[in-house]
Amino acid sequence: MVCAVIINAENKRIKLCNEIIGLMYGYIQWNSYDTEAGGIILGRENLGNDNLIFEFITKPMKKDIRTKNRFLRKDSEHIEFYKQLYSKHNGVYAYYGEWHTHPEDIPHYSIIDLTNWRKISKEDPKEMQYHIIVGRKQLRIWEMRKKCFMPKLVCEVKWDEINI
Amino acid sequence: MSLQKYFKEFNEKIKMDYDVKSELKDKRDILLEILRNAEGIPAFKKFDQGSYSMYLGVEPLDKEYDIDVGLRFQVNCDDYAPMDLKDKIYDLLKDHTDYGATIKKPCVTVTYKKDGEAAYHVDLVVYTYADKDDTDSQLYLARGKNSESDETCWEKSDPVGLVNYVNDKYKGDDAKEDREQFRRIIRYFKRWKNKKFSSSGNAEPPSIGITLIAVDKFEVSKKYDYLEEKYIYDDLDAVLNFAKEIKDLFKFNGISESGRCLYSIEYDLPSELKFDENTNVFKKMSDNYMTDFKEKVDALVTDLEAVKNEADEVEQCKKLNKIFGDDFPIPEVDNAAKQQMCYIPPTSSSGAR
Ligand SMILES: [Zn+2]
């Protein structure tokens, strides 16, 4: 079991529910032959304040491309999952970003990641995205703000500190 | 903070219902008429004491509604034995309802049936004056169940002063919103108490104790919102801070024979009022009951802090529902989150290199 993580950002808090952390933990690339995994991060925003609750992620799907160093989210099931969630809950769930694994202890974003995040930031009507990379010792979260070209590291979670 | 919205809904739910209140008043008035017309009962003036008179009534969980009525008889305390008037009232009212009446230490209780169950009762409290011609003279409460007991006595009392002491806190129009938060917090506490303590014996700390601590220690939690140009009240902070105040009142009181660390709480009736000595409002609770009280308050503080640390409003409400019971609303996710656009980047390409 893992516990939920709460991030204090400017004027708001972001909660990563324990279920999504547990799911990501299951995809850590422990062995050299393990392939990257990834998906999308879905959540909601409190009515009474600006806190964000990241409640669901999608898992790698059949038609995604997974190698040791690459993850390509191509399968339409990710979008299907989101659309169903969106309509089932009267439009309160939103896409907040991408997650994927890296075969390194402390994850860093690559040039490919940066290009991808910049592209998303341009196309997404929302002001901000949060992207997660899952490493062997840590999970780290970057905030990508519209018109800012560089991601900002907002949180790092050490796996051994959230009692697996 | 729209958590406040759910606190307000909770307050509306637990607040004593107006219809019940007027039904109770009707019953009270019928009883008073009987006493007024009876022979051998001296003239008296009634006044409302207890939670209604302080605007702190809370809907009871699995127990009866009650209304406390003080009867100030215009007689000298020295001319009557403590049981004289209580016995007379009992005789007059014992056949008034199917449930009858009972003499209790502080009062005579008349119980009513509703839909075949005992649904509420009226507590009549007997007072006399030190000097019947001076209504400012010391009042005495007739305490005792029967004249044989050593405990039966005339006890110095100041019930009107007590009601005023509570109602004078946050007086006037300027203090209206502060006063409302003060009352809400006491109601939350009473509901918590009703849920967490057995009402039998003296396991449950008396409401007047909680109320008096609130009068002296409660602090309003509000913040000025410059955009809305008004104060935003924060009941979560207010109830948490008040719970901490109560927690701080407990003192270590040694170790019991079974090895339990015992704690005690003392809180005296206001010294400026005209009560007997040794007026600790919690004095009826045993060491073990006081220690139970402490442990429950400790847990309350911990649980409320967890609510404060929780980022998700729905989860906050779930936790508050566990603390205060099912009258605390839990919203659907759909109603507690903002509307979002339906957008997702069609594909995404990530890599470690
Ligand atoms: Zn990557």
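What follows draws every value from the coordinates through simple rules; no lab data is involved. Small disclaimer: the values here were computed from a predicted structure and weren't measured. Every residue, glycine among them, receives a Cβ derived from its backbone with ideal geometry; neighbour counts consider all protein chains shown.
Observations
- Considered as a group, the residues in the stretch A:111-139 that are under 18 Å from residue A:10 (Cβ atoms) and away from chain B (no Cβ under 12 Å) include one that is nearest to the ligand (Cβ to nearest atom), and that residue is A:130.
- Of the residues making up the stretch A:87-98, not a single one is of a type in the set (A, V, I, L, M), more than 7 Å from every other protein chain (Cβ to nearest Cβ) and under 20 Å from residue A:144 (Cβ atoms).
- Every condition in (1) under 23 Å from residue B:59 (Cα atoms); (2) more than 9 Å from chain A (Cβ to nearest Cβ) holds for residue B:299 except the one numbered (1).
- The set of residues from the stretch B:66-105 being in contact with a helix residue (DSSP H, G or I) (Cβ under 6 Å, 6 or more places away or on another chain) and closer than 17 Å to residue B:23 by Cα comprises B:67, B:69.
- Subset of the stretch B:317-335 that is within 9 Å of another protein chain (Cβ to nearest Cβ) and more than 30 Å from residue A:61 (Cβ to Cβ) - its residue that is farthest from the chain's Cα centre (by Cα): B:335
- Residues of the stretch B:116-159 satisfying the condition of being under 20 Å from residue B:69 (Cβ atoms), among the hydroxyl-bearing types (Ser, Thr, Tyr) and surrounded by fewer than 17 Cβ atoms within 10 Å (Cβ to Cβ): B:135
- Taking the numbered list (1) buried (at least 23 other Cβ atoms within 10 Å of the Cβ); (2) within 16 Å of the ligand (Cβ to nearest atom); (3) in a strand (DSSP E or B) in turn, residue A:72 passes all entries but (1).
- Selected residue (only one of B:334, B:303, B:298 is charged (D, E, K, R), touching a His at 6+ places or on another chain (Cβ under 7 Å) and not in a loop (DSSP other than H, G, I, E, B)): B:334
- Selection from the stretch A:87-98 of residues that are more than 14 Å from the ligand (Cβ to nearest atom) and under 16 Å from the mean Cα position of the chain (by Cα): A:93, A:94, A:95, A:96
- Candidates A:58, A:101: the one that is buried (at least 18 other Cβ atoms within 10 Å of the Cβ) and within 16 Å of the ligand (Cβ to nearest atom) is A:101.
- Within the stretch B:61-99, the set of residues being surrounded by fewer than 17 Cβ atoms within 10 Å (Cβ to Cβ) and over 20 Å from residue B:40 (Cβ atoms) comprises B:61, B:62, B:63, B:64, B:98, B:99.
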